Each structure stands twice: as C-alpha cells, then as structure tokens.
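Encoded as structure tokens, the structure appears first; notes follow it.
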Amino acid sequence: MPARPGRRRWRRALAGALALVAVVSVCGWAYETLARRGDPARYPAPGRLVDVGGHRLRLDCTGPRGSGPTVVFEAGLGESGLTWARVQQEVSGPSSGGGLRACSYDRAGYAWSEPGPGPRDAGRLAGELHALLGASGERGPYVLVAHSYGGNVTRVFADRWPALTAGLVLVDVTDEQGVGELRMAERLLGVQTAVYGVAARVGVVRLFGSRLVPGGTPEVARRQAAVVYGAGTIATSGAEGATSVDSARQVQATVRPGAWGARPVVVIASSGQPEEAYDHYAALARLSSRGRFVRAATADHYVHYAQPDLVADAVRDVVAGAFSPPPR
C-alpha cells in the first residue's frame with residue numbers, strides 16, 4: 001500500500017534534517033580539527049609542563065619563594081587550575097602582605113595537561129599531585145585549597161602525606177557520605193559528558209565556549225575556553241566522575257577524630273543548602289582542633305567566583321596559622 005502524502009512529506013523532512021545535521025557535524029569536525037592544530041601557538045600554556053612519570057602536568061606558580069608554606073589550589077570537576085585565577089592573584093600579589101607563594105595546576109587530561117592512566121580516582125590524583133610537587137621543586141609543607149570534587153584529592157593527600165600538609169581550605173567540597181547521590185550523579189554525568197564531548201568535537205565549544213561556562217568564570221579561562229573546556233577536559237571529567245563512589249570511599253577511610261591534628265583548617269560552604277549539609281561541613285572542620293566553619297553569603301557553588309575575598313582571606317588565615325603554634 002503506497003505511503004500517504006503527509007507521511008511521505010514527514011519522511012522527506014526528517015531525511016533532510018538528518019542530512020543537514022550530518023553536513024554540519026562533518027564541517028564542525030573539520031573546523032575543530034584544523035583549529036586545534038594552531039592551539040599551542042594561539043593559547044600557550046600558562047606556567048610550565050612538569051613530567052610526573054609518563055605524562056606531564058601544567059603547573060603555574062606565582063609569588064615569591066619564601067620560608068612559609070606554599071599554597072596549592074585544587075580545582076573541582078570539569079575545571080582547570082584557571083578556575084582559581086582571581087584568588088591566586090590576590091594571595092600571591094603585593095596586596096597579600098608581600099605575596100604568598102601560590103601554585104595552581106591542571107589535573108591529567110584537563111586543559112594543557114597530558115592524559116594520565118586510569119582509573120581517575122582520588123587516590124591516583126593525590127599521588128599525581130604529590131609527584132608534581134616533588135618534581136617541580138616547589139617545597140612543602142603546603143596549604144591545600146580545594147573546591148568541590150577537588151576536596152577529595154586534597155583530603156586523601158593530607159592523609160597520606162601529613163608532614164607535607166600545613167593546613168586546608170575546603171570550599172563547598174563534595175560530601176563523601178552521600179554515596180547514593182553520587183551513584184545517580186555518575187549516571188547523569190555520563191550522559192552530560194557524552195553530549196558535551198560531541199559539542200566540543202564539532203567546534204561548538206570553540207565558537208561559543210565563553211558563553212557556556214559558569215557565571216563568574218575568570219576572564220583568562222573564558223578567553224581560552226577552546227582548550228580549558230575542550231574535548232580532553234570533558235572526557236577527563238567523565239572519567240573522574242565515573243569513579244565518584246570509589247573516590248568517596250577513599251575519602252571516608254581518612255575520617256577519624258583528630259585526623260588533621262592542630263593544623264589550621266577553614267571549611268567554607270555556600271548558603272541555601274539543607275541544614276544537614278552544614279552539620280557535615282561543621283563536623284569536617286572539627287577534624288582539626290583549629291578548624292573553623294564559615295557559611296558564605298552566596299548560594300553560588302563557585303564561592304570563589306562570587307566571594308573571592310572570603311576565600312583569599314581564609315587562605316591567608318590558614319597560612320598565618322601554619323606559622324603559629326597551636327594554643328595550649
């Protein structure tokens with residue numbers, strides 16, 4: 001039986017739409033492939049690349065070398081070290097009282113850093129951070145500053161290398177107790193990274209990336225969105241997200257009364273969360289006898305975008321506390 005005219009028109013329209021999508025995708029793929037070849041000259045890596053044993057990570061340190069602890073920034077999931085650009089500039093510049101030594105970096109696979117082996121869980125990432133700091137010549141101890149998922153990395157680092165950890169600033173870090181929520185997030189992130197990965201591979205991120213990133217993203221990251229939020233970053237964030245539950249369990253194993261001793265610690269949480277979330281953050285601060293919990297005035301998960309001064313002041317407080325003996 002011949003197809004009805006309306007159905008034939010629908011099929012032709014669908015075929016035409018699919019053909020258009022295919023053509024646009026091929027053109028976008030070709031555009032992205034050619035444009036990517038010029039990225040090393042167009043977007044040179046800030047800082048330097050350091051070999052950590054089979055692959056290199058980008059490290060950017062600012063401020064004078066001194067006798068005090070070096071500040072090390074750890075980014076959240078899907079973000080490069082440039083997420084900390086404002087805070088790093090504030091704490092390492094002259095306005096911070098002579099300037100602190102501060103370093104940010106890209107985890108393996110993000111932005112300018114080369115991909116690393118899997119699985120990309122918190123334990124492996126903490127090991128790579130330790131290797132990076134050792135190979136770079138940036139001497140410890142370190143004040144570790146982390147946002148969101150980056151808190152998993154710094155907390156495992158602090159547990160494995162307590163002598164290298166002078167203090168912690170944790171900004172809206174992931175709750176390691178919410179394993180059920182993390183399982184759901186793993187599935188959602190798998191879908192998101194697949195979609196974003198295609199968008200990056202066909203040039204969408206290169207063309208519109210500065211409009212797609214979170215509000216408040218530092219301008220230096222927006223200008224280089226094609227690299228900072230490119231296909232490599234998206235694929236790596238998916239690989240890290242796929243280990244969320246394993247990473248949470250690795251962090252859980254570090255939690256015990258007095259885990260951080262008398263090291264100065266500031267835990268910052270965005271506002272507008274359920275009260276039980278604040279109970280968790282307050283308990284986290286109590287893992288140190290000199291821990292302090294701060295509720296930010298912003299509901300933005302990126303507290304360091306909305307209130308950079310709050311985070312910078314916390315960093316300075318922890319650095320100062322690392323110089324001071326704990327009260328008797």
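Some observations on this one:
- For region 104-112, 3J(HN,Hα) computed residue by residue from phi via the Karplus equation (6.51, -1.76, 1.60; θ = phi - 60°) reads 10, 8, 9, 4, 3, x, 8, 6, 8 Hz, glycine and proline entered as x.
- Taking amide H as placed 1.01 Å from N in the peptide plane, the amide H of A262 sits under 5 Å from that of S289, each at least 5 places away or on another chain.
- Relative contact order [Cα under 8 Å, 6+ residues apart], region 48-323, whole percent: 22 percent
- Tensor-based shape of region 256-307 (alpha-carbon gyration tensor, a/c under 1.5 rounded, otherwise prolate or oblate): oblate
- Label-zone membership for region 285-328, site Y278, 7 angstrom Cα→C-beta point, backbone N under 19 Å: 285-287, 291-304, 307, 310-311
- Its residues counted as N, region 48-323 yields a C-alpha radius of gyration over 2.2 N^0.38 Å of 0.93.
- Using the average count of surrounding beta-carbon atoms within 10 Å as a protection proxy, the listed peptides 87-93, 164-170, 307-313, 60-66 rank, highest first, as 164-170, 87-93, 307-313, 60-66.
- Sorting 112-121, 143-152, 214-223 by average packing, meaning the other beta carbons within 10 Å per residue, from highest down gives 143-152, 112-121, 214-223.
Taken together, the values in this text are just the output of simple stated rules run on the coordinates, not laboratory data. Just so it is clear, the model here is predicted, and its values are computed rather than measured. In this analysis, Cβ positions are derived from the backbone assuming ideal geometry, glycine residues included, and neighbour counts consider all displayed protein chains.
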